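Chemist: What follows is a single structure, and I will ask about it in a moment.
The values are calculated or read from the model by the stated rules, or taken from the named source; none is laboratory data. Keep in mind it's a predicted model, so treat the numbers as computed, not measured. Reconstructed Cβ throughout: ideal geometry from the backbone, glycine too, with neighbour counts over all protein chains shown. Note: areas computed on protein heavy atoms with side chains; ligands, DNA, RNA excluded. Shrake-Rupley method; radii C 1.70, N 1.55, O 1.52, S 1.80 Å.
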Amino acid sequence: MPYTLPSTLTQQNALAVEADGLRDLALLETVDCAALSDFDSSALAVLIAWQKKLRQAQRELTLVSSPLKLCVLAQVYGVAELLGTPVA
């Protein structure tokens, strides 16, 4: 069962979403981004923090149903490969 991101992930709720995801690292191995519609670069910060925690546990983060805007944002910030998002 994947971890499902909320529809909004911005600076206002990033720390709460990050903490919620860290409660169960096994769920974070697959993160469903389908509902994500309102987000900013804080979403990337959360995903990178999760990726770092998973890698410390010898695991990898896999994103599914990533919105194109998230993929483009990851590419602009130079973290697309780190997050495994496709390069548009």
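Chemist: Testing the spin-label approximation: label points 7 Å from Cα along Cα→Cβ at Asp20 and Met1. State their distance in nm.
Modeler: Output for this residue pair reads 1.5 nm.
Chemist: Whole-Hz Karplus ³J(HN,Hα) for the stretch 17-24, in order, using 6.51 cos²θ - 1.76 cosθ + 1.60 and θ = phi - 60°, x for Gly and Pro?
Modeler: Once rounded to whole Hz, the list reads 5, 4, 4, 4, x, 6, 5, 8.
Chemist: Next question, about the same structure. For the stretch 40-57, what does the Karplus curve 6.51 cos²θ - 1.76 cosθ + 1.60, with θ = phi - 60°, yield as ³J(HN,Hα) per residue in whole Hz, taken in order and with x for Gly and Pro?
Modeler: 9, 5, 4, 4, 5, 4, 5, 5, 5, 4, 5, 4, 4, 4, 5, 5, 5, 9
Chemist: Okay, helix-only estimate at 222 nm for the chain: each DSSP H run of n ≥ 4 adds -39500 (n - 2.57), divide by all residues, round to 500 deg cm²/dmol; what do you get? Can you show the working numbers first?
Modeler: Values: 5 runs with 41 residues, N = 88.
Per the formula, -12500 deg cm²/dmol.
Chemist: Give me the accessible area per residue for the chain, probe 1.4 Å, as a whole number in Å².
Modeler: Details: 4880 Å² over 88 residues.
Normalised by residue count, the accessible surface of the chain is 55 Å².
Chemist: Let me ask something else about it. With contacts defined as alpha carbon pairs under 8 Å and 6 or more residues apart, what's the relative contact order of the chain in percent? Please report the intermediate quantities before stating the final value.
Modeler: Details: 132 pairs, mean separation 25.7, N = 88.
Contact order relative to length: 29 percent.
Chemist: In nm, to one decimal, how far is the Tyr77 label point from the Glu29 one, both placed 7 Å along Cα→Cβ?
Modeler: A separation of 2.5 nm, rounded to one decimal place.
Chemist: Sticking with this one: If I model a spin label at Thr8 and Leu68 as a point 7 Å from the Cα along the Cα→Cβ vector, what separation in nanometres do I get?
Modeler: 2.5 nm
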